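Following: one structure in structure tokens, then a few remarks.
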Protein chains: 2
Amino acid sequence: MPQQIDLLDSEILNDITNTFKALGDNTRAQIVYLLTQEELNVNTICQTVGVSQSTVSHHLAKLRNIRLVKYRRQGNQIFYSVDDSHVAALFREALWHLDHVRQNIPDYPGSHPV
Amino acid sequence: MPQQIDLLDSEILNDITNTFKALGDNTRAQIVYLLTQEELNVNTICQTVGVSQSTVSHHLAKLRNIRLVKYRRQGNQIFYSVDDSHVAALFREALWHLDHVRQNIPDYPGSHPV
DNA sequence: TAAATATATTGATATATGTTCATATATAGA
DNA sequence: TCTATATATGAACATATATCAATATATTTA
């Protein structure tokens, strides 16, 4: 008997893909990875990642909008951090997956499927 | 004292973002989500997700290249499935994160940070 | 071997996205 | 209130990407 297959609801699907999309860019991923370790202000992020203030600010805006990061003002500066522990968990799972992939190279045929 | 901050190595960073990028598209995410539940052939994927065979094949090619899915031929058809359990775990973490975000709406200021 | 079916690939195109430059906003200090 | 500093925003542009149409490849069956 054919088992029941579950499709993602379109609203949830959008939320999911927006989250993954946000992490699917080198600069943003590096920023988020930093913020999983420590709360940082914008200027420190710029210097650590090595990109311009404008670029970092644009990326932080995206990350804010989908609630991947939160922020607080302290005087002149604004400190960012990841919104919850699941963000760090996402990185862990992705790294584990990549480890798995690296260990399984012999299992994967190099040629094309057809 | 300033604690040591860890940057992602550029090769790992690329692998990570390619993985997230692959999941950061509605069609691909839906496909992968289906495949976390059951092994499916291409035609079934087309019908279930509701997109053309060409489009599905393109997406499957991407997912294959970064080893998010594996496949096997059975006669005329090719059956796809997720490469390892961490792929499903990525979805779980993302969904948990979204749950957290939804529950914390009051904690997030609606206005802009500056 | 020919026809049918299943899947992959190529080329073209419209849309999305990352970055830069310039400018605006907000806070602190003189 | 003026200046300096920190961060955000808007416009423009170049590049990346998703989708479609057409075609190619592989397998099965007649």
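Of all residues being away from DNA strand C (no atom under 12 Å from the Cβ) and under 16 Å from the mean Cα position of the chain (by Cα) in the range A:44-81, which is most open to solvent (accessible area, probe 1.4 Å)? Just the residue, please.
It comes out as A:Lys70.
Can you pull out every residue in the range B:41-85 that is facing chain A (nearest Cβ under 8 Å) and hydroxyl-bearing (Ser, Thr, Tyr)?
B:Thr48, B:Tyr71
With (1) within 12 Å of DNA strand D (Cβ to nearest atom); (2) surrounded by fewer than 18 Cβ atoms within 10 Å (Cβ to Cβ); (3) at the interface with chain A (Cβ under 9 Å from one of its Cβ atoms) as the list, and B:Glu38 as the residue in question, which single condition is left unmet?
Result: B:Glu38 fails condition (1) only.
Output yes when any residue across the range A:5-20 is open to solvent by less than 60 Å² (accessible area, probe 1.4 Å), modelled with pLDDT under 95 and facing another protein chain (nearest Cβ under 9 Å), and no when none is.
Looking through the range A:5-20, at least one residue is open to solvent by less than 60 Å² (accessible area, probe 1.4 Å), modelled with pLDDT under 95 and facing another protein chain (nearest Cβ under 9 Å).
Please find, among A:His58, A:His86, the residue that is part of a helix (DSSP H, G or I) and either among the charged types (D, E, K, R) or modelled with pLDDT of 95 or more (or both).
Of the residues listed, the single one that is part of a helix (DSSP H, G or I) and either among the charged types (D, E, K, R) or modelled with pLDDT of 95 or more (or both) is A:His58.
The values are calculated or read from the model by the stated rules, or taken from the named source; none is laboratory data. What you are looking at is a predicted structure, and each value in this text was computed from that prediction instead of being measured. So basically every Cβ, Gly included, is an ideal-geometry build from the backbone, and we count neighbours across all protein chains shown. Ligands, DNA and RNA are excluded from the accessible area calculation, which covers all protein heavy atoms including side chains. Shrake-Rupley method; radii C 1.70, N 1.55, O 1.52, S 1.80 Å.
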